[in-house]
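Single-structure report; data block below.
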Amino acid sequence: MDISPPVGALDIVQCLQQAGHQAVFVGGCVRDLLLGIAPTDWDVATSARPEQVRQLFAHTVPVGIKFGTVMVLNPEAVEVTTFRRDLGSKNSRHPVQVLFTDSLTEDLARRDFTINALAWDPITDTHIDPFGGRADLTAQLVRAVGDPMQRFYEDALRILRAVRFACRLDFDIESETWDAVISSAYLTDRLSKERVRDELLKILAVPDPGRGLWMLNELGILQRIIPELRGSERLAQGKRGAPTLLDHLIQTAAACPEKPLLRLAGLLHDIGKLTTRQITSIGRVVFHGHTQEGARIAGKVMRRLCFDSKSIAYAQWLVQNHMHQGEISRKVLRRWLSAQGETWIRDLLALRKADHIASGGSDAPALSKAEADLDAILANEQVLKPSDLAVDGHDIMKLLQISPGPAVGQVLARLYEHILENPADNNRASLLDQAERLWADKQHFSR
Ligand code: ATP
Ligand code: MG
């Protein structure tokens, strides 16, 4: 695998150096290169001031001028940031002031973890590593740069970032940093919900999100972000390998495919059990209505974390429909195809499978059959929406000799149900015939 920097990014470093500035690659790309991982983006740090960067290159966008960041298009987009020092923080969110500096070491000192506080000069092929980042890469440790308590106090997002990097790289958190995370967990309450949401999604996107969620739980962060989970660690479930509801929720999230939102739905899928638990007269524990309640709570959690309405509707639909482990009829699959679409259905089947696995099950024949049925429907049929019915309200009024009113819509709705079951009947003759038959059973309709 070729993981040398793109020519455009290299050229930027070279141009800056030729103009008399210091310029290096910095942060995540240097870390990833040393780990043999292809970097996602190549960030450049330089002693040049933002105005100087803008003068040197033809195509630039001032993306974060206040923080010294200029995006250079050469032609690929590379963020070029002036060496800076961050001064203090009043709210554990943002530095009070950002000062530009000529010192690369000062710039590296403001970075969160030693493994992210590395720079590399590609022209001389030298690493600048004042905080022992390479040793920590070898030791597989996430260690704060400087005093971890102070660093978390300055920006509480680093607490979540520590968990993310530990999980993504399969590293441990160094012990002093770990203790500081626990002592500082309360600071995460001060973060903007959007930043928490984005970090949570990134933690859910790692190959082993179960580790991330357990770590968040152990560090006292999970239930700060989602207080609705409180009590789940005490709710006995009696499932094999998952004694408590929290065990089951985390295992379900972890058994979902690599889609952060789907995994979030997995984490929340049984959250309604906490408030619906009842004991019947014969002593059985039941959770009547927990899917509905779970969807409501999932909506509340996600609205608080500022998710967009489509993501909320998606997760709520998954939670609401996760339960049924029996067969799914083709009629239901067709209805979902029309209303929710293929992706949501596939994700629902994946969630049900994850739930099944996390409940100690192995193969789930009903789910495999639903997958095969879905494939067959998609290969052989057109998705039928209510508006695709071969007859309309006028046809119905004329046929049944009725005037406009609720009954017309009711007949059409019944016809739609009929074609979901028998797609081949979606033609005028069959539907008019069916409408007459339905109409004969008058009790179904408002008249
Ligand atoms: P990724 O591969 O996820 O992008 P990254 O290390 O590049 O990982 P970014 O969030 O893109 O992470 O940040 C780039 C660099 O900026 C980091 O490597 C780190 O040096 C620094 N950094 C980012 N966020 C913070 C923060 N909250 N506090 C201190 N330094 C930070
Ligand atoms: Mg990055």
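The values are calculated or read from the model by the stated rules, or taken from the named source; none is laboratory data. Keep in mind that what you see is a predicted model, and the values were worked out from it rather than measured. Backbone-built Cβ (ideal geometry, glycine too); neighbour counts: all protein chains shown.
Checking Gly360 against (1) surrounded by 13 or more Cβ atoms within 10 Å (Cβ to Cβ); (2) closer than 21 Å to Ala254 by Cα; (3) not polar (S, T, N, Q): exactly one of these is not met. Which one?
Here Gly360 clears every test but (1).
Condition first: of a type in the set (Gly, Ala, Ser), closer than 22 Å to Tyr186 by Cβ and away from ligand 1 (no atom under 12 Å from the Cβ). Now tell me which residues in segment 118-166 satisfy that.
The answer is Ala166, and nothing else.
Looking only at segment 127-144, decide whether some residue is outside any helix (DSSP H, G or I), closer than 26 Å to Ala23 by Cα and in contact (Cβ under 8 Å) with a residue 40 or more places away in the chain.
Within segment 127-144 (the criterion being outside any helix (DSSP H, G or I), closer than 26 Å to Ala23 by Cα and in contact (Cβ under 8 Å) with a residue 40 or more places away in the chain), the answer is yes, since at least one residue qualifies.
I need the full set of residues from segment 167-179 which are in a helix (DSSP H, G or I) and either more than 14 Å from ligand 1 (Cβ to nearest atom) or among the aromatic types (Phe, Trp, Tyr) (or both), in order please.
Ser175, Glu176, Trp178, Asp179
From the list Pro62, Pro50, exactly one residue is in contact with a helix residue (DSSP H, G or I) (Cβ under 6 Å, 6 or more places away or on another chain), more than 16 Å from ligand 1 (Cβ to nearest atom) and in contact (Cβ under 8 Å) with a residue 12 or more places away in the chain. Which is it?
Result: Pro50 is the single residue among Pro62, Pro50 that is in contact with a helix residue (DSSP H, G or I) (Cβ under 6 Å, 6 or more places away or on another chain), more than 16 Å from ligand 1 (Cβ to nearest atom) and in contact (Cβ under 8 Å) with a residue 12 or more places away in the chain.
Which one of these is surrounded by 15 or more Cβ atoms within 10 Å (Cβ to Cβ), within 18 Å of the chain's Cα centre (by Cα) and in a helix (DSSP H, G or I): Leu249, Leu274, Leu333?
Leu249
Just to be sure I understand, how many residues within segment 373-386 are in contact with a Pro (Cβ under 6 Å, 6 or more places away or on another chain) and in a helix (DSSP H, G or I)?
Residues flagged as in contact with a Pro (Cβ under 6 Å, 6 or more places away or on another chain) and in a helix (DSSP H, G or I) within segment 373-386 amount to 0.
Scan segment 336-372 residue by residue and report those that are assigned to a helix (DSSP H, G or I) and of a type in the set (S, T, N, Q).
Ser338, Thr343, Ser368, listed by residue number.
Suppose we filter Val391, Val411 for residues that are touching a helix residue (DSSP H, G or I) at 6+ places or on another chain (Cβ under 9 Å) and outside any helix (DSSP H, G or I); which single one remains?
On inspection, the qualifying residue turns out to be Val391.
Within 16 Å of ligand 2 (Cβ to nearest atom), in contact with a strand residue (DSSP E or B) (Cβ under 9 Å, 6 or more places away or on another chain), at pLDDT below 95 and in a helix (DSSP H, G or I) - does that describe any residue in segment 98-118?
No.
Assess whether Pro5 counts as being of a type outside the set (A, V, I, L, M, F, W, C), within 16 Å of ligand 1 (Cβ to nearest atom), farther than 30 Å from Ala156 by Cα and part of a loop (DSSP other than H, G, I, E, B).
yes
Given the residues Glu79, Glu106, which is the only one that is under 29 Å from the mean Cα position of the chain (by Cα) and of a type in the set (Asp, Glu)?
Glu79
Looking at Phe83, Phe67, Phe25, which one is among the hydrophobic types (A, V, I, L, M, F, W, C), within 16 Å of ligand 2 (Cβ to nearest atom) and buried (at least 19 other Cβ atoms within 10 Å of the Cβ)?
Phe25
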